[in-house]
Every structure is written in structure tokens, then in C-alpha cells.
1. Can you tell me which residue is surrounded by the most Cβ atoms within 10 Å (Cβ to Cβ) among those in the range B:1-51 that are without any contact (Cβ under 8 Å) to a residue 40 or more places away in the chain and in contact with a Lys or Arg (Cβ under 8 Å, 6 or more places away or on another chain)?
2. Output the residue which, of all residues in the range B:74-120 that are outside any strand (DSSP E or B) and of a type in the set (Gly, Ala, Ser), is nearest to the chain's Cα centre (by Cα).
3. Would you be able to tell me the number of residues in the range B:5-40 that are out of contact with any helix residue (DSSP H, G or I) (no Cβ under 9 Å at 6 or more places or on another chain), assigned to a helix (DSSP H, G or I) and of a type outside the set (S, T, N, Q)?
4. Of all residues in the range B:161-199, which are at the interface with chain A (Cβ under 7 Å from one of its Cβ atoms), in a loop (DSSP other than H, G, I, E, B) and either in contact (Cβ under 8 Å) with a residue 24 or more places away in the chain or buried (at least 24 other Cβ atoms within 10 Å of the Cβ) (or both)?
5. Being within 20 Å of B:ILE201 (Cβ to Cβ) and within 14 Å of chain A (Cβ to nearest Cβ) narrows it down to one of B:VAL20, B:VAL69, B:VAL12, so name that one.
6. Do you know which residues across the range A:28-47 are buried (at least 19 other Cβ atoms within 10 Å of the Cβ) and within 17 Å of A:GLU83 (Cβ to Cβ)?
7. Confirm whether A:ASP31 is free of Cβ contacts under 8 Å to residues at least 40 places away in the same chain and within 11 Å of chain B (Cβ to nearest Cβ).
8. Going through B:ALA21, B:ALA56 one at a time, which residue ends up being within 16 Å of the chain's Cα centre (by Cα) and within 16 Å of B:ALA174 (Cβ to Cβ)?
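Taken together, the values in this text are just the output of simple stated rules run on the coordinates, not laboratory data. Values in this document were obtained by computation on a predicted structure and should not be read as measured data. Cβ atoms come from the backbone with ideal geometry, glycine included; neighbour counts cover every protein chain shown.
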Amino acid sequence: MAEEGLRVGQLVRSKAGRDAGLYFLIVGIKDSRFVAVADGKVRRVSHPKLKNVRHLEIYPVRMESADARFAAPSVVTDRAIAEAIRELLAGLGQPT
Amino acid sequence: MIILKTPEEIEVMREAGRLVARVLAALREAARPGVATSELDVLAERLIRDAGAVPAFKGYRGYPATVCVSINEQVVHGIPAARRLQDGDLVSLDVGAVIKGYYGDAAVSFVAGGRPTRLQADLLDAGQSALTVGVEQAREGNRLSDIGSAIQRHAESRGYSVVRDYAGHGIGQAMHEDPQVPNYGTRGQGPLLRSGMVLAIEPMVNAGTFEVTCLEDGWTVVTRDGRPSVHFEHTVAVTEDGPDILTLP
């Protein structure tokens, strides 16, 4: 059974816009074209950036327990998002 | 986090995979014109439970059935119902089973009844061979994106497209584990593949646009242009000896 290609907690990298090159987590899915992203630093989870998925490089890894954590949005802090991005990048062997 | 499996765990997953392959073969035999897709679902559940296993999809995030039956422009996750197969329908069947807590997951596409049209035959061949080239990349030392890249290049070289909104996945004691296994991408990206990783590789190949949309039932995914789609899937272990397909009869 196929998995949805875009999920909350998934690691992405911006390919276009002022934030090009920065890593984010998907914190909300508007539809199949637009997702909300935050990195806990320049983009806080309280004010996520709406990005066209065509302008994102999608990585095949997600924040641990993302479904449960995002089911209660107030639980996901900016610190947790920034930390998750660091850990996911380390797991991929990518420089942060 | 990518969970590596021991050789013993992989053997249990092979049991689940073998059952899934047998169920798919039986369903394919039964999927004749006039048969309701709900009848295929009943058959699948009986075969799985008779083998002492549990249907993997039933109840998964609320999915109501044992199999997914996706017809013609339906890409994946078609819910079995009273709809009866017609001669010439392009049918995709997706089945999962759990044995001793470990999952097996596979899918196959074919034409019900008579001879496929030229487009159906070519699309089926492109989908099946896209899976083959993807599986071939599931080797130690490769990067994850080598799989999707090979699948995409193959499907597009045949004039078709690969679905991006849905992907393959790691599999083990859960149906969907890390990593996600997209059917597109650039070579050399993502995690290094290591012995003990088990991946469900599942290209969804569309005759027309790669764009899909989900119907109001919340599950059935259809092509946006209404053109046909095929879906082939194997559960594959990365081993020191190369890719090991667990979903064979």
C-alpha cells in the first residue's frame, strides 16, 4: 500500500525563493500543491511559510513520531523542529 | 529512523511475503469479468486468515478492506465494492499480510478477461519492468534515490510518467517505516542502502500526466487526466548478496 508522498514532519529543502537552500520540516499540508514549512529558526512553527511543492526538494525521512506530535500542534516546539532537522540531516550524512 | 532487520526477521517477512504472493495469484485467477471487487476482497481475507495471518490493510488509518482494487484510471487504494469487473478492465491489486508481527506487501496489474489493448500491454510491460529496474538498484552501497531515479528514467523513456504524490516505503513491524521510497529523483541522494533494510518498492506508472487526485472517499487515487495507470510492487530486502525479493510465491 503506497505511502502518501508528503507527510507532516517530512524533511524538505527549499529550491526557490529567499529561503532557497534552507532545510525545513513540513508542518501542514494545504493540498497536493502547497505545504506549510518551518525550521524553528527563521520560520517559526507559529508562522510557517506556504511553499509550492515544486519549489521543494523532498527528502525521504520524517521527524520521529511525527503523526502523533502534529496531531497536537501545540506540542511541537520550534526547538523540537530545529533539533529534528539536525538529526535527520545527520542521519542522511548531509552537512547542516 | 531506518530499522535494520536481522536475517531471522527477514525470513519471517519472507513468510508474510510468500503468502501475499499466493493471495495475489489466487485473486488474479479469480478476477474475471463479472466478478465484483468485493468478492475479491472476501476471497483475500479468507486466504490470509486461513493461513493464520492478519490482513495488513484492514483498519490501517481507517481503510475498510483487505485488498485495494484499482481499475483503469484509478492508480491505487481503490476500495472493493459492488462494481463488477468488465472485459478489458485494467486492474491493479494491492495486498498486505502480517505474520508474527511482520508485514509483507505487494501489488500487481493485469487486464481482466480478454486481450489487452496495445496501450494496456505496453503500459503493463513498462510498469513491470520499472519495478524490475528499481529492485535491481536495492543494493548495499547504493543511495536510496538510485531506486527512484532508475524507475523514473525507465518509465519516462517509454513515454509514460511516474506518480510523485505517493511512494514506496520501508517495511517491517509496521507497514510504513522509514525511509520513504519515491519513484522519481536524482541518483546519489538520500541514505546509503545497507544490508538489513527492507523496502516496499512500488512504481505507479501513468499513461498520461503524473498528476493524481484523491476521490471523496478519502482513499481512491485517480489520474487527473483520466488516462490509465498501473501499479507493481514487491517487498525487497537489501542483502550482502544483492536484492532479495520477499514477495515471491
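1. B:LEU47
2. From the range B:74-120, those outside any strand (DSSP E or B) are B:77-83, B:85-89, B:100-101, B:112-120; that's our starting set.
Those still in the list that are of a type in the set (Gly, Ala, Ser) too: B:78, B:81-82, B:88, B:101, B:112-114.
Numbers: B:GLY78: 13, B:ALA81: 20, B:ALA82: 23, B:GLY88: 21, B:GLY101: 20, B:ALA112: 18, B:GLY113: 22, B:GLY114: 23 Å.
This residue is B:GLY78.
3. The qualifying residues number 16.
4. Scanning the range B:161-199 gives B:ARG164, B:ASP165, B:MET175, B:PRO182, B:GLY190, B:PRO191.
5. On the way: B:VAL69 fails: within 20 Å of B:ILE201 (Cβ to Cβ); B:VAL12 fails: within 14 Å of chain A (Cβ to nearest Cβ).
It is B:VAL20.
6. Across the range A:28-47, the qualifying residues are A:VAL37, A:ALA38, A:ASP39, A:GLY40, A:ARG43, A:VAL45.
7. Judged against the criteria, A:ASP31 is a match.
8. Values: B:ALA21 fails: within 16 Å of B:ALA174 (Cβ to Cβ).
Result of the check over B:ALA21, B:ALA56: B:ALA56.
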